1. Would you mind calculating the gained length between Lys2 and Cys16 on full extension (0.36 nm times residue separation, minus the Cα-Cα distance), in nm to one decimal?
2. Give me the 1.4 Å probe accessible area per residue for the chain, excluding ligands and nucleic acids, in Å².
3. Can you list, largest first and rounded to whole Å, the semi-axes you get for the chain by taking the square root of 5 times each eigenvalue of its Cα gyration tensor?
4. Output the 0 to 90 degree angle, nearest 10, between the alpha-carbon long axis of helix 39-49 and the longest principal axis computed from the alpha carbons of the chain.
5. Per residue of the chain, what 222 nm ellipticity follows from adding -39500 (n - 2.57) for every DSSP H run with n ≥ 4, rounded to the nearest 500?
6. Total Lys pairs in the chain closer than 23 Å by alpha-carbon, pairs eight or more apart in sequence or interchain only?
7. Round to a whole number: what % of the accessible area of the chain belongs to carbon and sulfur, probe 1.4 Å?
8. Mind checking the angle between helix 6-24 and the chain's longest principal axis? C-alpha axes, 0 to 90 degrees, to the nearest 10.
Amino acid sequence: MKNRNITGIVLAVIYCLVLFEILINRPPGEANPPWVYAMFPLGAVAITSLFDYVIKFDFFKKKKKNKKRKE
């Protein structure tokens, strides 16, 4: 498996949960347009791609600094 950016994956999951909550809490009788359901995979892929290829910052994988003693 490719070395994936954990921050992007976590944000994509949070995005999906928030979008799901927004879609579920719509007033009764009001239908969602069909394109709204395409926002789940498109948004998740966009977020993970953004963190994998553009931002490249991973909050969860920090590099360990080698501390050398100066004598």
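1. Details: separation 14, 0.36 × 14 = 5.04 nm, distance 2.24 nm.
Going from the current span to full extension adds 2.8 nm.
2. Per-residue accessible area for the chain comes out at 90 Å².
3. Semi-axes (√(5λ), whole Å): 39, 13, 7.
4. For 39-49 against the chain, the angle is about 10 degrees.
5. Calculated at 222 nm, the ellipticity per residue is -14000 deg cm²/dmol.
6. So the count works out to 7.
7. Working: 4260 of 6400 Å².
Carbon with sulfur: 67 percent of the solvent-accessible area.
8. The helix 6-24 is inclined about 20 degrees to the chain.
The values are calculated or read from the model by the stated rules, or taken from the named source; none is laboratory data. All of these numbers come straight from a predicted model, not from anything done at the bench. Side chains included, ligands, DNA and RNA excluded: accessible areas come from the protein's heavy atoms. Shrake-Rupley method; radii C 1.70, N 1.55, O 1.52, S 1.80 Å.
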